[in-house]
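Each remark here refers to the structure printed beneath this line.
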Amino acid sequence: SATATATATAIANVEKPSSRTLRIHALIMGIPFIGFGIMDNAILIWAGDQIDTHLGVYLGISTLCAAAIGNIISDVAGAGLGAYIEDFCATKLKLPKINLSNAQRSLRSVRMAGQVGIAIGLTVGCVIGMFP
């Protein structure tokens, strides 16, 4: 269609960010997820353990069921604490801002860099959070 062709042409004309800019973008996107991963796994492990130890026998649930309930608690906490983690990163860590236009942000390379940064940050945070 004409719209798809016009969109493809517009994207092709967008200036591609440098490799350095993409690495910085990945870092900026990933750092808040380190905090989220720490919080998520620490709460999940603590809550799952408490449920398993104190309610598991009483309710007759398995350890995996207790872990799943701990995961629900952790996810709810994550929904509530996510804004605080982002605010901390923005105000206390003063992460740099990179100047990407909306058109550049829609480029696959920029989206992928952000997703890779998030995945790495979340993985690092979850590993750290395994030791609450």
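Points worth noting:
- Looking at region 9-114, the trypsin sites (Lys or Arg not before Pro) that sit in a DSSP loop and have at most 14 other Cβ atoms within 10 Å of their own Cβ are 92, 94, 97.
- In this simple spin-label approximation, residue 57 and residue 115 carry label points 7 Å from Cα along the Cα→Cβ vector, and these lie 4.7 nm apart.
- With contributions of -39500 (n - 2.57) from each DSSP H run of at least four residues, the per-residue ellipticity at 222 nm computed over the chain stands at -25500 deg cm²/dmol.
- Size of the chain as Cα extents on the principal axes (Å, biggest first): 64, 40, 21
- Sites residue 27 and residue 73, calculated FRET efficiency, Cβ-Cβ separation with R0 25 Å, nearest 0.05: 0.25
- Solvent-accessible surface of region 36-86, taken per residue with a 1.4 Å probe and all protein chains present: 60 Å².
- Computed over the chain with a Gaussian network model linking Cα atoms closer than 10 Å, the most mobile of 70, 80, 30 is 80.
- Karplus 3J(HN,Hα) series, Hz, for region 56-61 with 6.51 cos²θ - 1.76 cosθ + 1.60 (x for Gly, Pro): x, 6, 4, 8, x, 9
- The figure for residue 55 is an accessible area of roughly 80 square angstrom, using a 1.4 Å probe on the protein chains alone.
- Axial C-alpha extent at least 20 Å, average Kyte-Doolittle at least 0.5 - helices from the chain (DSSP): 19-50, 63-91, 108-128
- Under 16 Å of direct C-alpha separation, and excluding same-chain neighbours fewer than eight residues apart, residue 16 reaches no aspartates and glutamates at all.
- Computed magnitude of the charge dipole of the chain (debye, nearest 20; Cβ of K, R +1, Cβ of D, E -1): 820 debye
The values are calculated or read from the model by the stated rules, or taken from the named source; none is laboratory data. Keep in mind it's a predicted model, so treat the numbers as computed, not measured. Methodologically, a virtual Cβ is constructed for each residue, glycine included, from the backbone with ideal geometry; neighbour enumeration extends over all protein chains shown. With ligands, DNA and RNA removed, areas are computed over all heavy atoms of the protein, side chains included. Shrake-Rupley method; radii C 1.70, N 1.55, O 1.52, S 1.80 Å.
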